[in-house]
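The values are calculated or read from the model by the stated rules, or taken from the named source; none is laboratory data. Values in this document were obtained by computation on a predicted structure and should not be read as measured data. With ideal geometry, Cβ positions are generated from the backbone for all residues, glycine too; neighbour counts draw on all protein chains shown. In case anyone asks, the SASA skips ligands and DNA or RNA and just uses the protein heavy atoms, side chains included. Shrake-Rupley method; radii C 1.70, N 1.55, O 1.52, S 1.80 Å.
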Amino acid sequence: MDGQDITINKLEEDISLLIRHIKMLRVTKENQPVGIIRLSEITDIPKHKIRYSLRLLEKDGVIAPTPEGATVTEKYESYMRDTLAYMERLRRSVDEVETLLKDALAQ
């Protein structure tokens, strides 16, 4: 789409960030404790993006830093469940937007 609206671009960026967080959380849980370099190697995500995501996930209390590397916390399961529920609500909202757009274009 040419000249995408900033709102649409923001949505895509937010979804990309969420995908990265989910990938990192899964890999962290499977390989904990795990460091930035190893996370980057396993996920093919650049180290600077790994660092940024780890900071955000640590702030949310889902990741805990240790001297050996990152580990998931007891909040992991609830974070994943809450995120799944959020995605289900988001999917309904996206469906509604799609319907509204189709209706608007049909007129």
Query - Among the residues listed as ILE45, ILE37, the single one being part of a loop (DSSP other than H, G, I, E, B), on the phi < 0 side of the Ramachandran plot and not charged (D, E, K, R) - result: ILE45
Query - Cβ-Cβ under 6 Å pairs, at least 6 apart or on other chains, segment 18-29 side basic (Lys, Arg), far side open to solvent by 20 Å² or more (accessible area, probe 1.4 Å) and in a helix (DSSP H, G or I) - result: LYS23/THR43
Query raised in the report: Can you spot a residue in segment 59-78 that is closer than 28 Å to ILE8 by Cβ, loosely packed, with under 15 Cβ neighbours inside 10 Å and out of contact with any Ser or Thr (no Cβ under 7 Å at 6 or more places or on another chain)?
Result: yes
Report summary line: Expected single match for in contact with a Leu (Cβ under 9 Å, 6 or more places away or on another chain) and either not aromatic (Phe, Trp, Tyr) or not in a helix (DSSP H, G or I) (or both) among LEU11, LEU56 is LEU56
Query raised in the report: Applying the selection to segment 89-100, what residues are open to solvent by 90 Å² or more (accessible area, probe 1.4 Å) and of a type in the set (Asp, Glu)?
Result: GLU96
Query raised in the report: When you look at LYS23, is it open to solvent by 60 Å² or more (accessible area, probe 1.4 Å) and in contact with a strand residue (DSSP E or B) (Cβ under 6 Å, 6 or more places away or on another chain), yes or no?
Result: no
Query raised in the report: Of the residues in segment 69-86, how many are within 20 Å of SER53 (Cβ to Cβ) and without any contact (Cβ under 8 Å) to a residue 24 or more places away in the chain?
Result: 9
Report summary line: The residue that is farthest from LYS75 (Cα to Cα), considering only those in segment 26-46 that are open to solvent by less than 100 Å² (accessible area, probe 1.4 Å) and over 16 Å from the mean Cα position of the chain (by Cα), is ILE42
